[in-house]
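Some notes on the structure that comes next.
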Amino acid sequence: MSDIGSTGQAATTQATTAVEDDRQWWKSAVVYQIYPRSFADSDGDGIGDLPGIAAKVGYLADLGVDVIWLSPVYPSPQDDGGYDISDYQDIEPVFGTLADFDRLLAAVHERGMKLVMDLVVNHTSDEHPWFVESRSSKDNPKRDWYWWRPPRDGMVGGMPGAEPTNWGSAFSGSAWQYDEASGEFYLHLFSRKQPDLNWENPQVREAIYAMMRWWLDRGVDGFRMDVINMISKDTALPDGIVVPGWSWGDGGPHFLNGPRIHEFLAEMHREVFGGRPGQFLTVGEMPGCTVEQARLYTDPARAEVDMVFQFEHVQLDQGTSKWDVHPLRLLDLKASLGRWQAGLAETGWNSLYWNNHDQPRAVSRFGDDGVHRVRSAKLLGTLLHLHRGTPYVYQGEELGMTNAPLAGIGDFHDIESVNFFAEATGAGEPPERVLAAMRPMSRDNARTPMQWDASVNAGFSDGEPWIAVNPNHVEINAAAAIADPDSVWQHYRALIELRHTEPAVAHGDFTMLLPEHEQIYAFTRRLGRVELLVLANVSGRTAMADQIPDAGSWERAELLIGNCPAPEPSQHRLSLQPWEARVYRRVR
Ligand code: TEU
């Protein structure tokens with residue numbers, strides 16, 4: 001480039017960039033998440049499986065994604081949809097065998113894609129042999145692999161308040177389970193069938209690193225790390241603050257981003273990836289992670305994780321709990337995501353997501369899943385893929401799949417919903433009110449079967465699906481979307497391709513525009529002389545974007561992609577239809 005003095009210098013800079021690009025290949029990648037139970041069933045038992053996924057690798061290659069993240073496929077009692085693992089080095093028989101896994105991995109690699117495993121090591125299943133041993137007696141060598149504590153001073157197990165701390169579990173009730181046989185409690189931040197591992201114990205850490213190396217040796221390309229910022233607890237285990245109206249204390253401050261978290265992640269990185277050739281991806285799922293913490297976690301110089309899943313933007317429509325739903329204010333969304341873009345602009349990297357197996361469907365939550373379903377799903381995709389960061393697409397999002405028509409409690413399967421219903425109705429809440437609170441937010445919304453075609457069971461299974469197929473599959477399905485040039489699927493495919501062909505999408509800087517505009521989400525991305533403008537009307541009413549800086553020049557810029565027909569000559573070029581989104585490009 002002209003501003004570099006000598007050719008020698010230019011060559012060095014280019015070489016450094018090439019090495020960086022090679023290691024940070026995931027900056028221009030798109031990840032697709034599969035929830036295996038609900039993706040594709042090959043054997044008619046109503047539950048998705050690995051051969052089912054293998055048969056759809058071509059579908060994913062056509063969509064253009066670079067990486068597949070598999071939610072857990074390990075042996076598990078399935079108390080929490082596989083996030084309760086009883087053997088880290090095998091495959092759940094319902095999903096297949098290790099040989100099926102190897103075949104899937106080979107098929108993914110053959111198509112030039114990568115595969116990332118879910119790593120759930122904050123806790124195991126209570127049926128994992130480690131815990132079975134740990135529980136067997138107080139002097140078992142594995143006793144200290146988990147968090148065992150006696151009842152509170154002067155109390156005996158079973159008495160209310162005898163729990164070692166007042167922490168609540170994510171799935172209702174206390175975070176401590178009493179074990180009659182040994183007279184002690186064990187910690188479980190999630191279900192009582194998910195005891196927390198004690199990362200203070202070096203043997204635990206070494207066993208986990210060895211297991212991770214075993215998967216890498218098998219050929220996998222990285223890990224999505226479940227609640228990884230919970231592995232370091234304050235060993236004093238202090239009580240949490242009790243928010244008025246809540247039954248349990250908030251232990252979060254004592255286990256989120258805890259005292260040794262950076263040490264553990266750096267050690268993991270060293271022990272697992274140190275000196276290993278290849279291109280890997282690590283993403284840490286981190287509830288309660290601030291942008292300042294994320295900068296530390298994702299600073300390449302610190303070698304901890306490549307990126308984190310943060311939770312701020314998926315909590316903006318909630319009050320005191322996830323069941324207390326408020327309409328999202330666009331200003332809050334822009335302020336939050338804008339802060340993350342700015343905070344990780346120089347150091348670190350963002351992951352970008354609207355959806356996953358824990359979140360309601362984006363088009364139902366942030367868009368309009370009625371008349372404007374297709375258009376608003378495309379708008380959400382456009383916004384997501386044009387931010388700076390690595391986008392994650394959750395199965396069915398590329399079809400604009402919607403929330404499920406959950407009616408009675410019998411329609412809910414997820415442990416979080418089922419436990420909350422029992423707790424709330426047990427405390428005297430009217431069941432109808434509890435159900436109404438659960439419907440928009442239940443994790444079951446994300447877990448209905450992938451809609452492949454309009455046939456019975458949506459082409460997901462020849463048997464009875466484990467969870468009801470959304471009846472709207474007759475209209476919303478992959479076969480129809482692939483055949484329709486104007487579908488959400490085609491739009492996602494184009495967005496993914498844009499990341500691969502336009503460097504400003506992956507590498508450009510980010511500037512938020514019109515932060516105070518109540519309808520319009522607008523920003524620019526700039527790389528060298530190329531500048532992109534993203535304009536999105538996040539509302540059901542027309543909107544005017546003519547207040548953007550340099551409006552006159554943008555009006556004449558090239559329209560790269562949009563979700564409505566290009567404006568008529570008689571229309572103002574910067575007037576946007578309900579839920580319209582456009583990306584412009586200009587070269588300075
Ligand atoms: O989720 C962690 C998490 O903090 C939340 O998303 C939580 O599961 C819930 O949705 C709170 O309302 C991870 C997994 O993604 C989730 O599926 C597991 O249940 C959980 O960890 C425990 O492993």
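The values are calculated or read from the model by the stated rules, or taken from the named source; none is laboratory data. Just so it is clear, the structure is predicted and the values come from calculations on it, not from any experiment. Because the Cβ atoms are built from the backbone with ideal geometry, glycine has one as well, and the counts that use them run over all protein chains shown. Heads up: the accessible areas ignore ligands, DNA and RNA and are worked out on the full protein's heavy atoms, side chains in. Shrake-Rupley method; radii C 1.70, N 1.55, O 1.52, S 1.80 Å.
Does Glu267 count as surrounded by 15 or more Cβ atoms within 10 Å (Cβ to Cβ), at pLDDT 95 or above, outside any helix (DSSP H, G or I) and more than 16 Å from the ligand (Cβ to nearest atom)? Walk me through how you get there before you give the answer.
Details: surrounded by 15 or more Cβ atoms within 10 Å (Cβ to Cβ): yes; at pLDDT 95 or above: yes; outside any helix (DSSP H, G or I): no; more than 16 Å from the ligand (Cβ to nearest atom): yes.
It is false that Glu267 is surrounded by 15 or more Cβ atoms within 10 Å (Cβ to Cβ), at pLDDT 95 or above, outside any helix (DSSP H, G or I) and more than 16 Å from the ligand (Cβ to nearest atom).
For Glu163, are the conditions met, namely being in contact with a Pro (Cβ under 8 Å, 6 or more places away or on another chain), within 20 Å of Pro77 (Cα to Cα), open to solvent by 10 Å² or more (accessible area, probe 1.4 Å) and away from the ligand (no atom under 14 Å from the Cβ)? Please lay out each step first, then the result.
Working: in contact with a Pro (Cβ under 8 Å, 6 or more places away or on another chain): yes; within 20 Å of Pro77 (Cα to Cα): no; open to solvent by 10 Å² or more (accessible area, probe 1.4 Å): yes; away from the ligand (no atom under 14 Å from the Cβ): yes.
So Glu163 does not fit the description; no.
Given Glu127, Glu133, Glu110, Glu92, which one is within 16 Å of the ligand (Cβ to nearest atom), over 27 Å from Val469 (Cβ atoms) and charged (D, E, K, R)?
Working: Glu133 fails: within 16 Å of the ligand (Cβ to nearest atom); Glu110 fails: within 16 Å of the ligand (Cβ to nearest atom); Glu92 fails: over 27 Å from Val469 (Cβ atoms).
Being within 16 Å of the ligand (Cβ to nearest atom), over 27 Å from Val469 (Cβ atoms) and charged (D, E, K, R) holds for just one of Glu127, Glu133, Glu110, Glu92, which is Glu127.
Please find, within region 407-432, the residue that is nearest to Trp466 (Cα to Cα) out of those that are without any contact (Cβ under 8 Å) to a residue 40 or more places away in the chain and in contact with a Ser or Thr (Cβ under 7 Å, 6 or more places away or on another chain).
Here the answer is Phe412.
Quickly run through region 355-377 and pick out the residues that are within 12 Å of the chain's Cα centre (by Cα) and closer than 12 Å to Glu398 by Cβ. Please lay out each step first, then the result.
Going through region 355-377, the residues within 12 Å of the chain's Cα centre (by Cα) turn out to be 355-360.
Within region 355-377, just Asn355 meets the criteria.
I'm trying to understand the selection: among the residues of region 555-570, which are open to solvent by less than 60 Å² (accessible area, probe 1.4 Å) and out of contact with any Asp or Glu (no Cβ under 9 Å at 6 or more places or on another chain)?
Scanning region 555-570 gives Ile561, Pro567.
Which of the numbered conditions does Gly81 fail, given that it passes all the others? Conditions: (1) buried (at least 17 other Cβ atoms within 10 Å of the Cβ); (2) away from the ligand (no atom under 16 Å from the Cβ).
(2)
Give the number of residues within region 178-224 that are assigned to a strand (DSSP E or B) and buried (at least 18 other Cβ atoms within 10 Å of the Cβ). Talk me through it step by step, then tell me what you get.
At the first step, the residues of region 178-224 found to be assigned to a strand (DSSP E or B) are 178-179, 184-187, 196-197, 222-224.
With buried (at least 18 other Cβ atoms within 10 Å of the Cβ) added as a condition, the list becomes 178, 184-187, 196-197, 222-224.
Summing the residues that are assigned to a strand (DSSP E or B) and buried (at least 18 other Cβ atoms within 10 Å of the Cβ) in region 178-224 gives 10.
Does any residue of region 215-224 turn out to be within 25 Å of Trp167 (Cβ to Cβ) and within 16 Å of the ligand (Cβ to nearest atom)? Steps first, answer last, please.
Filtering region 215-224 down to residues within 25 Å of Trp167 (Cβ to Cβ) leaves none.
No.
Consider Asp234 carefully, then state whether it is open to solvent by 10 Å² or more (accessible area, probe 1.4 Å), acidic (Asp, Glu), more than 16 Å from the ligand (Cβ to nearest atom) and free of Cβ contacts under 8 Å to residues at least 24 places away in the same chain.
Working: open to solvent by 10 Å² or more (accessible area, probe 1.4 Å): yes; acidic (Asp, Glu): yes; more than 16 Å from the ligand (Cβ to nearest atom): yes; free of Cβ contacts under 8 Å to residues at least 24 places away in the same chain: no.
No: the conditions fail for Asp234.
Is there any pair linking a residue in region 394-406 that is farther than 19 Å from Ser487 by Cβ to one that is surrounded by 24 or more Cβ atoms within 10 Å (Cβ to Cβ) and basic (Lys, Arg), with Cβ under 8 Å and at least six apart or on different chains, and which?
Asn403/Arg361
Among the helices (runs of 4 or more DSSP H) confined wholly to region 368-440, which include 1 or more residues that are within 16 Å of the ligand (Cβ to nearest atom)?
Working: elements: 373-386, 415-426, 431-438.
In region 368-440, the matching helices (runs of 4 or more DSSP H) lie at 415-426, 431-438.
Hey, can you tell me all the residues within region 352-365 that are open to solvent by 10 Å² or more (accessible area, probe 1.4 Å) and touching a residue at least 60 places away in the same chain (Cβ under 8 Å)?
Answer for region 352-365, where residues must be open to solvent by 10 Å² or more (accessible area, probe 1.4 Å) and touching a residue at least 60 places away in the same chain (Cβ under 8 Å): Asn356, Asp358, Gln359, Ser364, Arg365.
I need every pair where a residue in region 535-554 that is open to solvent by less than 50 Å² (accessible area, probe 1.4 Å) has its Cβ under 6 Å from the Cβ of a residue that is of a type outside the set (Lys, Arg) and assigned to a helix (DSSP H, G or I), sequence separation at least 6 or different chains.
Ala536/Leu379; Ala536/Leu383; Val538/Leu330
In region 115-153, how many residues are part of a strand (DSSP E or B) and of a type in the set (Phe, Trp, Tyr)? Let's see the steps before the verdict.
Kept after step one, since they are part of a strand (DSSP E or B), are these residues of region 115-153: 115-119, 123, 146, 148-149.
This time we only want the ones that are of a type in the set (Phe, Trp, Tyr), so: 146, 148.
Qualifying residue count for the region: 2.
Can you work out which of the residues in region 298-317 that are within 16 Å of the ligand (Cβ to nearest atom), touching a residue at least 12 places away in the same chain (Cβ under 8 Å) and not aliphatic (A, V, I, L, M) is nearest to Trp69 (Cα to Cα)?
Ranking the qualifying residues of region 298-317, first place goes to Phe309.
Which members of region 459-479 meet the condition of being among the aliphatic types (A, V, I, L, M) and either exposed (fewer than 14 other Cβ atoms within 10 Å of the Cβ) or more than 16 Å from Tyr35 (Cα to Cα) (or both)?
Residues of region 459-479 among the aliphatic types (A, V, I, L, M): 467-469, 474, 476, 478-479.
Answer for region 459-479, where residues must be among the aliphatic types (A, V, I, L, M) and either exposed (fewer than 14 other Cβ atoms within 10 Å of the Cβ) or more than 16 Å from Tyr35 (Cα to Cα) (or both): Val474, Ile476, Ala478, Ala479.
I'd like to know if region 436-455 contains one or more residues that are open to solvent by 50 Å² or more (accessible area, probe 1.4 Å) and free of Cβ contacts under 8 Å to residues at least 12 places away in the same chain.
yes
Among residues belonging to region 84-101 that are touching a helix residue (DSSP H, G or I) at 6+ places or on another chain (Cβ under 8 Å) and open to solvent by less than 20 Å² (accessible area, probe 1.4 Å), point out the one that is farthest from Lys56 (Cα to Cα).
Filtering region 84-101 for residues that are touching a helix residue (DSSP H, G or I) at 6+ places or on another chain (Cβ under 8 Å) and open to solvent by less than 20 Å² (accessible area, probe 1.4 Å), the one farthest from Lys56 (Cα to Cα) comes out as Tyr88.
Look through region 192-214, keep the residues that are within 13 Å of the ligand (Cβ to nearest atom) and not acidic (Asp, Glu), and return whichever of them is nearest to the chain's Cα centre (by Cα). First the steps, then the outcome.
Restricting attention to region 192-214, the residues satisfying the condition of being within 13 Å of the ligand (Cβ to nearest atom) are 192-197.
Still in the list and also not acidic (Asp, Glu): 192-195, 197.
Numbers: Arg192: 23, Lys193: 23, Gln194: 20, Pro195: 22, Leu197: 22 Å.
My answer is Gln194.
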